[in-house]
Amino acid sequence: MVGVVFGVLGPTVAFAGAGDGDGRELALKGPRHRAVLARLIVARRRVVPVARLVEDLWTEPPAGAVGAVQTFVAALRRALEPDRPPRTPARLLVTDGPGYALRAAPDTVDAWRFEAALAGAADLPAPAALSTLEEALGWWRGPAYAEFAGEDWSRAERARLAELRLQAVERRAETLLVLGRPADAVPDLDAHLTDHPWRENAWRLLALALYRQHRQGDALAVLRRARTVLANQLGVDPSPHLRHLQSDILTHAPHLDHPSQPAPDNPPQPPLTQGRGELRAQPSRPALDDQAQPSLTQGRGERRTQPSQPAPDTATDGTAQLWTQAAAAYHRTVAGGARTRLHSTIGLLRNLAVTGGAGLAEARRHRTAAIAAAEEFADPELTARVIGAYDVPAIWTRADDPTAAAHIVAAAERTLEALPPGTPAHAPARCRLLATIALETRGATGRRGPEAAREAETLARRLDDPALLAFALNGTFMQSCTRAGLAPRRDAIGAELVELSARHGLVTYEVLGHLIRLQARAALGDLDAADHHAATADRLAERHELPLVGVFTEWYGALRLSATGQPAAAEEAYRAAATRLEGAGMPGLERGLLPLALLCLRVTHGHPVDPAPEPEPGQGPRPDWGPYRPWAEPFTLLEAGRRTEARTALSALPEPSHDLLYEACCALEAEAARRLGDRAALERARDRLRPAAAELAGAGSGLLTLGPVERYLTDRR
């Protein structure tokens, strides 16, 4: 008969003939048939008892599960050995004792052939090794056992094969360097590091490849990027190999141009099989032997004195030294591929996020990479911990990176499906996943965000975990802008957060509670209470080094000037606050905010609105209204005398996003409709605004206001 080959480096398939997609694909029927086949391949020719197959195929096995497994096996045998005479023993999928085994030859399963090729390439000359590695990498059609990512029985094998694939990518790059083809190695290494930024060997190879193309500056930039990821985000110093490489590049060490010549005073490079690509300090060279190294060791902006100039004995230097020593000890002690390290990474990213600016942007960027890395383990509990551990308090109800937020929500939903809902041990993880969904769907329409927020809060109260409840309440706050007039509800959320956090020492959530109450009391016209919460938030922020808090309290100061009838001072304050917002790492807040605040200021105080003609030469660019352009255009067009176009712009207005500027956009729509005499649009906007009749329009944002909502609900001349 024609041989059968199997593919598990992607969805599970079987081919009659050549395989690798060149033969005829066999019909394996339904998903459980494929699951049986994949489970037997994972067993690597060993017997899997029928009872174990039943446990692996069903969470709650139905009556007759054993008979169903027998049916699946019979169907697979017909597909795999169609020419076998009736009543003759199967030769491929055999019955053995209490179960079944797949007696596939080692070269008929793509995963087994991949392992053999990877091992054999180490003993081949470079040209043959390159050909072998490229062919082996070409066998991958997707993640290993792709359709069984959530199954316990596939988890370890998927993680092991994923690691071997990463090793193969790096070996291919290393072989290209040996062959004198550094330019061919760079693109794949760059893409490889985008998805797997913790692999030190890949950073080393990329820097070396760039250097061998006479791109010394780019090579050093790569090493600086490596330091940022490893030292700042992961809390570890780069390994001695990377530190020595930077030093060698700066001095144009001759051995860098001769791959066969060993580096002077350098230990040999460790094998690529060292856990998940992490390079470790060699026992013969202390992990802290970096005093003479240049910028690669200057983690977190700290300048190091040279050995000939002893560092001053100050508290700052002592803290920096303690951080470095503790990080190095962690790096030496915890295995590179350990789940503990990945979970610890999220803790570091969480702390980095509250520093603001570049720290917040970097934390956001590496968070998605950490979630992707967690999913490679195919361990839903680990993934849930990694997703849920990023409980950074959030005050702004518009996402900074909608694409990343969508990826995080999708990963959280996948992980929720993989965690049995009725298992008490999984309740905290499910709560964190639901709170994450509520946070990351901020500002979106639809039911999922509010539903997730309600479920998370209910779970958190049942579990009686203060930190978990604070996280869930943050999600509830993010979903509290579904209509106008909800400032009292947000005030209650803020009050509970302040009380809960003060009692249990949750400082960042205590600050969040005060900022929420600042917004809510401003919306309700209680500026004295808002002042109190602003001052308290500032005091806590100064004591605990939370610089982003001042961004919000400064914007509130400008709002207060507008609300108390000081438009000139308010405009000056808004422009000053906008400069502080630049580089704060919050594009979802920053974009379009200053032009919107100035528009609201002028509408409130009856000042002319800046028209929006094409810019004259030398006048600079037009303002970037960001997501608020639709609500600004009727005013700017009216001011420019383009009344017909203004009416068209008004009629095209969508419903405002469900965020903290909902009432502000509704008030702008009402005012534009009043000025244009569009009664239908005016009534539509008023209907949305009426629940907030007792509030200051827009002040619930804590950033700007259009004065009392009541003025937009009544006719006036």
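The values are calculated or read from the model by the stated rules, or taken from the named source; none is laboratory data. Note that the structure is a prediction, hence the values are computed from the model and not measured. All Cβ positions, even for glycine, are placed from backbone atoms using ideal geometry, and neighbour counts span all protein chains on display. In case anyone asks, the SASA skips ligands and DNA or RNA and just uses the protein heavy atoms, side chains included. Shrake-Rupley method; radii C 1.70, N 1.55, O 1.52, S 1.80 Å.
Couple of notes before you dig in:
- Some residue of segment 643-655 being crowded, with 17+ Cβ neighbours inside 10 Å and among the polar types (S, T, N, Q): no
- Segment 53-88 - residue that is within 41 Å of the chain's Cα centre (by Cα) and among the charged types (D, E, K, R) and, of those, most open to solvent (accessible area, probe 1.4 Å): GLU60
- Filter result for ARG643 (at pLDDT 90 or above and within 33 Å of the chain's Cα centre (by Cα)): no
- Any hit, segment 464-484, residues being over 27 Å from GLY700 (Cα atoms) and of a type outside the set (A, V, I, L, M): yes
- Residue within segment 33-48 that is open to solvent by 60 Å² or more (accessible area, probe 1.4 Å) and either over 41 Å from the mean Cα position of the chain (by Cα) or not basic (Lys, Arg) (or both) present: no
- Scope segment 50-85; condition without any contact (Cβ under 8 Å) to a residue 60 or more places away in the chain, more than 30 Å from ARG24 (Cα to Cα) and not in a helix (DSSP H, G or I); matching residues: TRP58, GLU60, PRO61, PRO62, ALA63, GLY64
- Yes/no for ALA405 being small (Gly, Ala, Ser), in contact with a helix residue (DSSP H, G or I) (Cβ under 8 Å, 6 or more places away or on another chain), farther than 30 Å from ARG490 by Cα and at pLDDT 70 or above: no
- Comparison of GLY550, GLY513, GLY557 shows that the only residue that is assigned to a helix (DSSP H, G or I), modelled with pLDDT of 95 or more, farther than 25 Å from LEU689 by Cβ and within 30 Å of the chain's Cα centre (by Cα) is GLY513.
- Considering residues of segment 466-506 that are aliphatic (A, V, I, L, M) and under 25 Å from the mean Cα position of the chain (by Cα) only, the residue nearest to GLU669 (Cα to Cα): MET478
- Check on LEU593, crowded, with 17+ Cβ neighbours inside 10 Å, closer than 26 Å to ALA692 by Cα and hydrophobic (A, V, I, L, M, F, W, C): yes
- SER501 being open to solvent by less than 40 Å² (accessible area, probe 1.4 Å), of a type in the set (S, T, N, Q) and more than 25 Å from LEU593 (Cα to Cα): yes
- Just one of the listed residues (GLU60, GLU25, GLU55) is under 18 Å from VAL109 (Cα atoms) and of a type in the set (Asp, Glu), namely GLU25.
- Apart from one condition, ILE395 fits all of (1) hydrophobic (A, V, I, L, M, F, W, C); (2) at pLDDT 90 or above; (3) more than 17 Å from the chain's Cα centre (by Cα); (4) over 22 Å from LEU661 (Cα atoms); the exception is (4).
- Of the criteria (1) more than 20 Å from ALA369 (Cα to Cα); (2) surrounded by 20 or more Cβ atoms within 10 Å (Cβ to Cβ); (3) basic (Lys, Arg), which one ARG227 fails: (1)
- Among residues of segment 409-420, those that are under 14 Å from ARG448 (Cα atoms) and open to solvent by 10 Å² or more (accessible area, probe 1.4 Å), counted: 4
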